Each structure stands twice: as structure tokens, then as C-alpha cells.
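Down below is the structure, laid out as C-alpha cells.
No value in this document is a laboratory result; all are computed from the given coordinates. Only a predicted model underlies this, so the values are computations on that prediction, with no experimental measurement involved. Positions of Cβ are generated from backbone atoms using ideal geometry, with glycine treated the same way; all protein chains shown enter the neighbour counts.
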Amino acid sequence: MKKIVTILGARPQFIKASVVSQAIAKLDSLSEVMVHTGQHFDSNMSDVFFSELGMRKPSYFLNIHGGNHGSMTGRMLGEIECALLAEKPDAVLVYGDTNSTLAGALAAVKLHIPVAHVEAGLRSFNMRMPEEINRVLVDRISRWLFTPTALAAQNLRNEGVMDAQIVPVGDVMFDVALRHEEQVDAEDGPLKRLGLEPKSYVLATIHRAENTDHTERLGAIVDAFESVAAETPIVWPLHPRTRASLERIRKLEGLSKRIHLIEPVGYLDMVALEKHAALIATDSGGVQKEAFFFGVPCITLRDETEWVELVEAGWNCLAPPEDAPKLSSAIRLALGRKGQAVHPYGHGDAAQRIVARLASDLQT
């Protein structure tokens, strides 16, 4: 039996890994050991996903979070290396574009363990983004590049990657959405607790450092949300980093009187909030896609997005948070918008495709 070590650390990675781990568990030829770096350490940001998505608890919990990017990645690199030396896996599986992703891939390749990268080939072409740096570096050192879209595969070809390394599979987040969408009920869960009707509110998620760590951008977001909330309720689950930043600029207390500020929610509650929103305003890559999966218009509070196909199809629009009046106007204009009928993310069988390829290649 061949052994795979999976490196996880952030909320979207738990979601993606849930379907892949279940597919691995169905095969007699593969086993999996899970390493949780601790990058998302709040129980609502990680623990709840293991119970809701049917995942077993990780074998390793490194409890590494906080600090600057270099410090965090360095600490993870050393601890992951120790786990890999103990486990001696045949491959290491990483997801997305976080510091956990980069640390896991670096630790593996330095020990000559082949790396599989899920969500390979995504590009925003903004090297000021830590996530973009992580994506490019991890793709460069991975043996298997599992791409979610045709554009992601083409990005890799444009960078000189050999076709033998590129494995188009579709998007594992689409797999998860199809599996769990029917489990949520508008008459129960977060909508009931908040006293909201379906399609009556805007769902907001903000967590990227480019927004939370810059007073002007965060201030523009707050002012725009306050303006919109005078007409349409806004539900805003607060990432720990965002809460700290709002406290720093003394906006948290005043906001709580006008906007539904809530703690981070579990996956199924988040699906309910997304599925029944009139609009989603976010800086998250994963939430952009989830909005599309549920047919909800999205506005992305960033300068660029790696999911450009959703912008081209009209489901998403970019609105850099540089000016509050422009941002609030963009949010109002996006309400009720629908995009084209497109299917860029595969057929809901990405996890099976990933696991089948790994099982086949590792046996040879």
C-alpha cells in the first residue's frame, strides 16, 4: 500500500480535502496521513469542518499560526519535515496557495518526495500577492499539477510546463458543493437565527491582507457596507484577522449596530448563507466560485482574480476597494445580475480523477 501525506492549514483546504480524502479511503492501494499546520486555529475556522464534512482528525497538529509570512512558513517547513521523515510517504498532497501549501511542498521536494498540487495553474499575475508567489513556486516543484480549469492548464503550458505533468481534473470545490447543497435548509440554520428571508441580504467575507492590513482599503469597505446596509441587510462573518483590523481602526463597535457581524461559521452554515444570498461581496477565491455554484452574483473586492472565467461570463465583477461611493454603487448594480450559462469546473468528479491518477502512477 502506498502512503500519501496531505498538508492542510486553512479553511478552504479542509473543504477541498474532504472529497479527496474520502476517495482515497475507498482504495485498498492508498493510505493517507493528514498534517494540520494550524494556520487557521479558531475552532470555527477548522475543527468544525472535520465533523461536518465527515473527515477524521489529523494525525499531526502543528499549532503554527500568526507572525509574518517568512516566519510562519519557516516554522511550518521545519515541523512538516519532521513529520515526513517519520512517515516516509510515497507522495505529498497540497492544496491551493497558502503558506501551509508552500511549506508542505518545499519540505517534500527537499526530501525527494514527489508533490501533487491541487488547484495548480491559477494565476492573478500580481506578484505582490503572497498567494501568487506560493502558487508559482509550488507549481514549479510539483510532479502532478491537477488543474481545475482549461485556463489554468494553459497558464502552465505558457510557463513551459510539460503536458505530462498537467492533469486536468475539474474543481474539487464543485464536487463538495454538489454533495452538500441539499443538506441546507433556508427555514433552519443561520437565516432563521438572524431573522432573514432568502434573497433579502448581502453576504460579505473579507480576510485578505491586502484589504485588512491597509487602513484606506478597509475603511472604504466599511463605509461602502454601511451605505448599502441602510437599504439591504449585510451579513458579515468576521475572520479573526479582520476583527482585529476593525478594532485597530476603531470601526468594530459602530459597525455592529448596522451590520450583522457574526463569528466564523461552519461549512454547512456558510453554504446556507451563500446559497440564499441576493449577492456575495468577497475577497476570497473560494467564495467567488461557491457563489457561482449556487447561481448567486458576486462582487470581488480585489484588483484582480485568479478565477477570470467568472468575470468573463458575467457572474463576478472586480471592484477594488479604493473609493467607498464607487464600491457601494458597484454592489447595488450587482444585485440581481445573472451571468452566462457556462460550465468551466468539470463534472463533479475531480476527486475521483485525482485519486485515480495518483494510485496509477504510484503503483508503477
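Could you tell me the calculated FRET efficiency between SER329 and ASN63, based on Cβ-Cβ distance and R0 = 41 angstrom, to the nearest 0.05? Display every interim value, and only then the final one.
Details: r = 44 Å, r/R0 = 1.07.
According to the calculation, E is roughly 0.40.
Too long at a 22 Å Cα-Cα cut-off: which of LYS289/LYS338; LYS57/LYS110; LYS251/LYS326; LYS289/LYS326? The partial results should precede the final answer.
On the way: LYS289/LYS338 14 Å; LYS57/LYS110 27 Å; LYS251/LYS326 20 Å; LYS289/LYS326 24 Å.
Going by Cα-Cα distance, LYS57/LYS110; LYS289/LYS326 fall outside the 22 Å limit.
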What is the Cα centroid distance between region 223-253 and region 5-27, reported in whole angstrom? 32
Do me a favour and compute the ellipsoid semi-axes for region 59-124 from its Cα gyration tensor, root of five times each eigenvalue, largest one first, whole Å. 18, 17, 9
Extension length gain for LEU194 and ALA150 (0.36 nm per residue less Cα distance), in nm, is 11.9 nm
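So if each residue of separation counts as 0.36 nm, and I subtract the Cα-Cα distance between LEU111 and GLU159, what length gain in nm does that give? Write out the running numbers ahead of the final one.
Working: separation 48, 0.36 × 48 = 17.28 nm, distance 2.51 nm.
Separation in residues times 0.36 nm, less the Cα-Cα distance, equals 14.8 nm.
Report the charge-dipole magnitude of region 97-185 in Debye, nearest 20, computed about the Cα centre from +1 at each Lys and Arg Cβ and -1 at each Asp and Glu Cβ.
Working: 8 positive and 12 negative charges, 119 e Å.
Value, rounded to 20: 560 debye.
So, by mean Cβ neighbours within 10 angstrom, what's the order for 30-38, 208-216, 310-318 with the highest one leading? If you can, show how the numbers build up before the last one.
Values: 30-38: 21.7, 208-216: 16.1, 310-318: 17.8.
Highest mean packing first, the order is 30-38, 310-318, 208-216.
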Between ASP303 and ALA356, what is the label-point separation in nm under the 7 Å Cα-to-beta-carbon projection? 4.2
Over all viewing directions the Cα convex hull of the chain casts an average projected area in nm² of 16.7
Taking the alpha-carbon distance from LYS192 and a cut-off under 18 Å, which aspartates and glutamates remain once sequence neighbours fewer than 8 residues away in the same chain are dropped? GLU181, GLU182, GLU263, ASP269, GLU274
When the dipole is taken about the Cα centre of the chain, and only Lys, Arg (+1) and Asp, Glu (-1) are charged at their Cβ, what size is it in debye, to the nearest 20? 320
Once Lys and Arg get +1 and Asp and Glu get -1 on their Cβ, which of GLN39, LEU261, ASN155 lies farthest toward the positive end of the dipole of the chain? GLN39
Compute the convex hull volume of the Cα atoms of region 164-278, divide it by the residue count, and report the result per residue in Å³ as a whole number. 132
